[in-house]
1. Specify the angular offset, from 0 to 90 degrees and rounded to the nearest 10, of the alpha carbon long axis of helix 101-111 from the longest principal axis of the alpha carbons in the chain.
2. Give the angle, between 0 and 90 degrees and rounded to the nearest 10, that separates the Cα long axis of helix 22-32 from the longest principal axis of the Cα atoms of the chain.
3. Compare F20, F111, F90 in a GNM of the chain, Cα atoms joined below 10 Å, and give the one with the largest fluctuation.
4. Quick one: accessible area per residue over the chain, 1.4 Å probe, rounded to a whole number of Å²?
5. Note down the magnitude of the dipole of the chain about its Cα centre, charges +1 on Lys and Arg C-beta and -1 on Asp and Glu C-beta and zero elsewhere, to the nearest 20 debye.
6. Consider the candidate values (i) 9, 27, 26, 20, 14, 4, 0; (ii) 9, 29, 31, 23, 8, 1; (iii) 10, 34, 26, 11, 9, 7, 2, 0; state which one is P(r) over Cα pairs in 10 Å bins from 0, in percent computed from the structure displayed.
7. By per-residue mean of other Cβ atoms within 10 Å, what is the highest-first order of 58-65, 39-46?
8. Ignoring any ligand, DNA or RNA, what whole percent of the accessible area of the stretch 1-102 comes from carbon and sulfur when the probe is 1.4 angstrom?
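The values are calculated or read from the model by the stated rules, or taken from the named source; none is laboratory data. What you see is a predicted model, and the numbers here were worked out from it, not measured in a lab. Here the Cβ positions follow ideal geometry from the backbone for every residue, glycine too, while neighbour counts run over all protein chains shown. All accessible areas refer to the heavy atoms of the entire protein, side chains included, with ligands and DNA or RNA removed. Shrake-Rupley method; radii C 1.70, N 1.55, O 1.52, S 1.80 Å.
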Amino acid sequence: MRSFSRQALLHREHPDRADFTLSEIVKRAEKENLHGELRPGVHVHASLHCVANRAPNPGRYRMLYATSDRTRRLLAREDDVHPQRTGKMFPDPEEVPQQYHELILWAKRRFGGSRNPPTSSRWLDGIFQMIGMGREMWKGEDPDAYVERQRENWE
């Protein structure tokens, strides 16, 4: 909820902006003051835990999309996500204060997201599924020596 609400508020307040810097997101969290003080994990949630196009570490949420190293926006349905990011895209209304329920509905309408994990077969899915395959076959093989042996028969 933390990263989602800050980002959604910024998008609604600044509809002309495509994305926001991490520092803008953290400042917006300070302004909301939900817990009396800014929690130390706010920055890491916005920069890593909720970012759909980054490897999970450890969070698997898919709420934000990194448009650069230092900017984020809410995730849209058509955005590519890391294949291990299978968490929710929107917070459950029961998990957030009542004042943010309408904000969740607004974001769902604007960004057209689904709360289901990604199921589309993207063109890179097969590549990601091959990570680590054949590891045993190449164990102890020097790559340069292998290539050299292959080139010996070239004419």
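1. 40 degrees
2. 30 degrees
3. F111
4. Value returned for the chain: 66 Å² of accessible area per residue.
5. In total the dipole reaches around 760 debye.
6. (iii)
7. Final packing ranking: 58-65, 39-46.
8. That share works out to 47 percent.
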